[in-house]
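Before any comments, here is the structure.
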Amino acid sequence: MHEPVVALLTSLEARGLDTDLPLLVAALERLGATVRVEAWDDERVDWGGVDVAVVRSTWDYVGRLDEFLGRLAEIDAATALWNPLPVVRWNTDKRYVADLAASGVPTVPTRFVAPGDDPGPLDGGLVIKPTVGAGSKGASRFVDDPAGAAAHVRRLHASGATAMVQPYVEQIDDRGETGLVHVGGRFSHAFRKGPILRSPIEWEGGLYAREDISARTPTEAERAVADAALAVVADLHGPVAYARVDLVPGPEGPLVLEVELTEPSLFLHLDEGAPARAAAAFRSLAG
């Protein structure tokens, strides 16, 4: 009987930082899979020898998005790529938030400001970040500082980025964010992420902001909003192998901050059964 070969895509810099990888490797091997951990931009890899390639900690693609999508297209032509390439293309630019909002999903109000566009008023508490980013790179919080906010928009525009302008949700300071992880189309577990932008950011390996993560049981309202967001994803793109829906507490209920379908940490260590659930979902993709 053929043992499936599962490739988990990472980056050279992220190998030692991705806490999900060793848990996934061990759980997949227990299911009889042969596991290869490969850097997405390693040109020596023979993707034709892989039954399924699962995008995981490819966190260094920011600033190399065209190269990243081009390499995934090559992998997609050689083997089964998950999440699928159209999903990754859509999800690596946070303008997808507008699609969710247009479909009625409660989202954090967002203005997208392309280079050359007027950002409009920049009063009050704001978060401004690029639409292509990971690990909080390029994200800054401003409190009653229109000049500083405008300068940050200009910096993003100078780099060629489109800026997204959102109100800072004050309730995050007390409750934090709630992340809901789904694998194989089913809810797996959830976690709390403490506020990141309230104080100066500390970086892990220059790839992502250091995070305060702990297990959390989501509310029924949070489960419902996450399900609504993933239903839109399914309508637009079909099934996905994994998803992480990050919610913040709005004044009238949970709001979607992001739906991460490309390279989210799944924080598998927070739930005893999570590695096995993720491994079973990924193993099934190989047939």
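Some notes on this structure:
- For region 5-90: rounded, prolate or oblate by the Cα gyration tensor [a/c cutoff 1.5]: oblate
- What the Cβ-Cβ distance of ASP117 and LEU65 gives, at R0 = 25 Å and to the nearest 0.05, is a FRET efficiency of 0.80.
- Span per principal axis, largest first, for the Cα atoms of the chain (Å): 63, 40, 36
- Placed amide H near VAL55: partners under 5 Å, 5+ positions off or other chain: LEU9, TRP82, ASN83
- Percentage relative contact order, region 39-184, counting C-alpha pairs under 8 Å, at least six apart: 20 percent
- Average Cα contact separation per residue, region 5-90, under 8 Å, 6 or more apart, as relative contact order %: 37 percent
- Built amide H within the under 5 Å cut-off of TYR242, gap 5+: GLY184
- Oblate is the label for region 111-167, because the ratio a/c of its alpha-carbon gyration tensor axes (a ≥ b ≥ c) is 1.5 or higher and a/b is not greater than b/c.
- Whole-Hz Karplus values for region 29-45 come out as 5, 5, 8, x, 8, 8, 10, 10, 9, 10, 6, 4, 9, 7, 6, 7, 6 Hz, taken residue by residue from phi with 6.51 cos²θ - 1.76 cosθ + 1.60 and θ = phi - 60°; glycine and proline positions read x.
- Between helix 274-284 and the chain there is an angle of about 60 degrees, using the helix long axis and the longest principal axis of the Cα atoms.
- Relative contact order [Cα under 8 Å, 6+ residues apart], the chain, whole percent: 22 percent
- Antiparallel bridge percentage (DSSP; both residues within the chain; nearest 5): 70 percent
- Ranked by the mean number of other Cβ atoms within 10 Å of their residues, highest first, the peptides 5-15, 212-222 come out as 5-15, 212-222.
- The chain: angle of helix 65-78 to the longest principal axis, Cα-based, in degrees nearest 10: 20 degrees
Each reported figure results from applying straightforward, stated rules to the coordinates on display, with no laboratory input. Since we're looking at a predicted model, the values are computed, not measured. Counting neighbours? That spans all protein chains shown, and the Cβs are built from the backbone with ideal geometry, glycine included.
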